[in-house]
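**Q** Got a structure here, written out as structure tokens. Questions coming.
No lab work stands behind these numbers, since they all come straight from the coordinates. Remember, it's a predicted structure, so these values are computed and weren't measured experimentally. Quick reminder, even Gly has a Cβ in these numbers, built from the backbone with ideal geometry, and neighbours come from all protein chains shown.
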Amino acid sequence: MTKKIAVLPGDGIGVEIVAEAVKLLECLRRDFGLDIEMEQALVGGAAIDATGTPLPDKTLALAKQADAVLLGAVGGPQWEALDIAARPEKGLLGLRKELNLFANLRPAVLYPQLASASTLKPEVVAGLDIMIVRELTGDIYFGQPRGVRTLPNSEREGFNTMVYSESEIERIGRVAFDIARKRNKKLCSVDKANVLECTELWREVMTRVSKDYPDVTLTHMYVDNAAMQLVRAPKQFDVMVTGNMFGDILSDEASMLTGSIGMLPSASLDANGKGMYEPIHGSAPDIAGKNVANPLATLLSVAMMLRYTLQQAELAARVERAVSRVLDQGYRTADIHTEGMRKAGAKEMGDAVIAALH
Ligand code: IPM
Ligand code: MG
């Protein structure tokens, strides 16, 4: 049956990189028998400008009805003055929440060709392959109450609430244990259980869930230590599981181990394997529209879509091999460019990957 993909380019470089991903999907349909149809819709700042809201009903309906969602990025300086509740980011957060995409998989894999593009020493990052499992629909991102209030002394006070229920912790824990089981059977749960009750509960639940996975070794680490260990000795990690906010921060950190944040794809999954696929980087307004963005994170997100939602593991591997091949051929966007390599724009990189598919 034809699978439907909702395509939401969003803002900034989202537009250019998603265009490359659409080219890739069209090629997979034309030449490799992938049975899909695509429909585009507005999200984020682009949607605010056109309709007044970052997540128009039409976009949400399309995303709900689609089998998978491909998203670029949202946000930009022109919308920063808006109230938090009306900003482009709310479009993305609304999609995650409304579609119940609680499991965010962020693989940090170093392509050997890029060992010298990392700011860390090649021996520290060579062979790196970490899977960060970030809870995506809870935590301080969504906790109530939240806001800015005025105190009796007329000073203002900002507040947010970090909150996790046992069932929320358990379901992301099970996703992470299942993934660890298929890898090297090592799971590191990251929390701040020495200070925050919410994550003390997190640790307790993770420990309880681990009883069902005797073949997986569970360790716990405080988030500050985890941030340090990620740059000191990142290869000690196989799978990491953590909450929404810590996962946001640690996944950006982990991306730099791989050479560039422009290399990291992600999948955000619900309980049934439906997913939204997006690069982990943002809209990069400073380089938008200049054809210099790295589309690889988005093309690799298409590979994740093929694997996790469309059940096309072979095509997924084909896309990943094509990415590896263009890196072998020396193509580099500005963010991963090193001496002697072939400078490519987003379009040239996309074309090279498509050519390498065949
Ligand atoms: C990410 C981004 C988002 C987040 C923003 C754009 C809302 O940083 O996907 O990591 O904080 O989750
Ligand atoms: Mg982030």
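**Q** Expected output is a single nm value to one decimal: the length gained when fully extending between GLU204 and ARG181, i.e. 0.36 nm times separation in residues minus the C-alpha distance. What is it?
**A** Stretched fully, the GLU204-ARG181 segment lengthens by 6.3 nm.
**Q** Take the alpha-carbon centre of the range 1-23, take the same for the range 184-216, and report the distance between them in whole Å.
**A** 36
**Q** Another question about this same structure. What GluC sites (Glu not before Pro) does the range 101-184 have in DSSP loop regions with at most 10 other beta carbons within 10 Å?
**A** The qualifying sites are GLU155.
**Q** Okay, next question. Enter the Cα centre distance for the pair the range 40-119 and the range 312-350, rounded to the nearest angstrom.
**A** Taking the Cα centre of each part, the range 40-119 and the range 312-350 sit 24 Å apart.
**Q** Can you tell me the length gained on complete extension of the stretch ARG146 to ASP35, counting 0.36 nm per residue apart and subtracting the Cα distance?
**A** Gain in length upon complete extension: 35.6 nm.
**Q** For the range 21-98, which GluC sites (Glu not before Pro) pass both filters: DSSP loop (anything but H, G, I, E, B) and at most 13 other C-beta atoms within 10 Å?
**A** Taking the range 21-98 and a limit of 13 other Cβ atoms within 10 Å, the loop GluC sites (Glu not before Pro) found are GLU80.
**Q** Under a 10 Å cutoff between Cα atoms, tell me which one of MET276, MET228, MET305 has the largest fluctuation in the Gaussian network model of the chain.
**A** Comparing MET276, MET228, MET305 in a Gaussian network model of the chain, the most mobile one is MET228.
**Q** Where in the range 230-304 are there trypsin sites (Lys or Arg not before Pro) that are in a DSSP coil and have at most 14 other Cβ atoms within 10 angstrom of their Cβ?
**A** LYS290
**Q** To one decimal place, what Kirkwood hydrodynamic radius in Å is obtained for the chain from all pairs of distinct Cα atoms?
**A** By the Kirkwood definition, the hydrodynamic radius is 20.9 Å.
**Q** With 10 angstrom as the radius, rank VAL292, VAL195 by how many other C-beta atoms surround their C-beta, starting from the fewest.
**A** The order, fewest Cβ neighbours first, is VAL195, VAL292.
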